[in-house]
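The values are calculated or read from the model by the stated rules, or taken from the named source; none is laboratory data. Just so we're clear, the structure is a prediction, and the values are computed from it rather than from any experiment. Positions of Cβ are generated from backbone atoms using ideal geometry, with glycine treated the same way; all protein chains shown enter the neighbour counts. These area figures cover heavy atoms from the full protein model, side chains too; ligands, DNA and RNA do not enter into them. Shrake-Rupley method; radii C 1.70, N 1.55, O 1.52, S 1.80 Å.
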Amino acid sequence: MTELSPGMPAPEFTLPDADGRPVSLRDMRGAYLVVYFYPKDNTSACTLEARSFSEEMEEFERLNARVIGISPDPPRSHKRFAEKNNLSVHLLSDPDHEVIGAYGAWVRKKRCGREYEGVDRSTFIIDPDGKIAAVWRNVKVDGHVDEVKAKLEELAAGPAAA
């Protein structure tokens, strides 16, 4: 599989949200889209990440950006997770890892000497035309939302500011 990088078309997807409604990438055109992949609802780092994005939602909207979190958890889990933590990010379910894999975020991991397949915490900005504008791999949650906002500011300013 080719590693996604800025300028490449973002892989299309349609996944169910927390209410089971299908959400498609093509329906998001016209605005920036922040897509972040995370391992599991209700774990400490994933909760912190989702809360951090949710707390800055007004700022993302000001920057003409929507935020979507994708994990393998089912819609019911996403619904409970969002309600429990008062989340405003749109959570999508990818139990078969098809979209997670298409974005290169389904990887072989190692923990405590054991190897397994899992989600690499990754974030992508997709531009209004559906192209990858920025990529972060192996994301550390602390400060990440600020990095994403700064990149959106830079993108919104246009090529002259870069």
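Could you compute the net charge surrounding residue 75? Neighbours are other residues with a C-beta less than 14 Å from the C-beta of residue 75; K and R count +1, D and E count -1. List each step's numbers first, then the result.
Working: positive: 21, 76, 79, 80; negative: 17, 19, 41, 73, 83, 94, 96.
That works out to -3.
Work out the charge dipole of the chain with +1 on the Cβ of Lys and Arg and -1 on the Cβ of Asp and Glu about the Cα centre, then indicate which of 34, 132, 116 is farthest towards its positive end.
About the Cα centre, the residue reaching furthest to the positive side is 116.
Taking only DSSP H segments of four or more residues, each worth -39500 (n - 2.57), what value at 222 nm results for the chain once the sum is divided by all its residues, to the nearest 500 deg cm²/dmol? Let's see the in-between values first.
Working: 5 runs with 48 residues, N = 162.
Result for the chain, helices only: -8500 deg cm²/dmol.
Given the options 83, 115, 12, state which has the largest fluctuation in a GNM of the chain using a 10 Å cut-off (strictly under) for Cα springs.
115
Where the only charges are on Cβ atoms (+1 Lys, Arg; -1 Asp, Glu), what is the dipole of the chain about its Cα centre, to the nearest 20 debye?
Values: 22 positive and 27 negative charges, 104 e Å.
Approximately 500 debye in magnitude.
Taking K and R as +1 and D and E as -1, what net charge do the other residues with C-beta under 9 Å from the C-beta of residue 90 add up to?
0
Among 138, 64, 42, which one shows the biggest mean-square fluctuation in a GNM of the chain, springs joining Cα atoms closer than 10 Å?
Highest fluctuation of the listed residues: 138.
Can you give me the angle between helix 75-85 and the longest principal axis of the chain, using Cα atoms only, in degrees from 0 to 90, rounded to the nearest 10?
70 degrees
Counting only protein heavy atoms and a 1.4 Å probe, tell me what percentage of the chain's accessible area is made up of carbon and sulfur. Each step should come with its number before you reach the end.
Values: 4000 of 8430 Å².
Answer for the chain is 47 percent, counting heavy atoms of protein chains only.
What is the antiparallel percent of DSSP beta bridges lying wholly in region 30-142, to the nearest 5?
Values: 15 of 25 bridges.
In region 30-142, approximately 60 percent of DSSP beta bridges are antiparallel ones.
Roughly how far apart, in whole Å, are the Cα centres of region 90-111 and region 1-66?
Using only Cα atoms to place each centre, the spacing works out to 13 Å.
What list of ³J(HN,Hα) couplings, whole Hz, do you get for region 55-72 from phi and the Karplus terms 6.51, -1.76, 1.60, once you set θ to phi - 60° and write x for glycine and proline?
5, 9, 4, 4, 5, 5, 5, 4, 8, 6, 10, 9, 10, 10, x, 10, 9, x
Any idea how far apart residue 58 and residue 146 come out in nm if each label point goes 7 Å out from Cα toward Cβ?
If labels sit at residue 58 and residue 146, their model points lie 1.9 nm apart.
In whole Hz, with x marking every Gly and Pro, tabulate ³J(HN,Hα) for region 27-33 from phi via Karplus 6.51 cos²θ - 1.76 cosθ + 1.60, θ = phi - 60°.
With coefficients 6.51, -1.76 and 1.60, one gets 6, 9, 4, x, 9, 6, 10 Hz.
Label residue 153 and residue 86 with points 7 Å out from Cα along Cα→Cβ: what is the distance between them in nm?
Distance between the two pseudo-spin positions: 2.6 nm.
Sequence gap at least 6, Cα distance under 8 Å: using those rules, report the relative contact order of the chain to the nearest whole percent. Write out the running numbers ahead of the final one.
Working: 296 pairs, mean separation 48.5, N = 162.
Reported relative contact order: 30 percent.
How charged is the neighbourhood of residue 132? Take every other residue with its Cβ under 13 Å from the Cβ of residue 132, and add Lys/Arg as +1 and Asp/Glu as -1.
Details: positive: 131, 137, 151; negative: 3, 12, 127, 129.
Charge balance near residue 132 sits at -1.
Short version: ³J(HN,Hα) in whole Hz for each residue of region 133-142, in order, from phi by Karplus 6.51 cos²θ - 1.76 cosθ + 1.60 (θ = phi - 60°), x for Gly and Pro, what are they?
10, 7, 9, 10, 10, 6, 5, 9, 5, 4
Compute the accessible area per residue over the chain, keeping the other protein chains in place, probe 1.4 Å, unit Å². Present the calculation step by step, with values, prior to reporting the outcome.
Numbers: 8430 Å² over 162 residues.
Accessible area per residue, the chain: 52 Å².
For residue 92, what residues show an amide H to amide H distance below 5 Å, using hydrogens built from the backbone and excluding near sequence neighbours?
69, 70, 71
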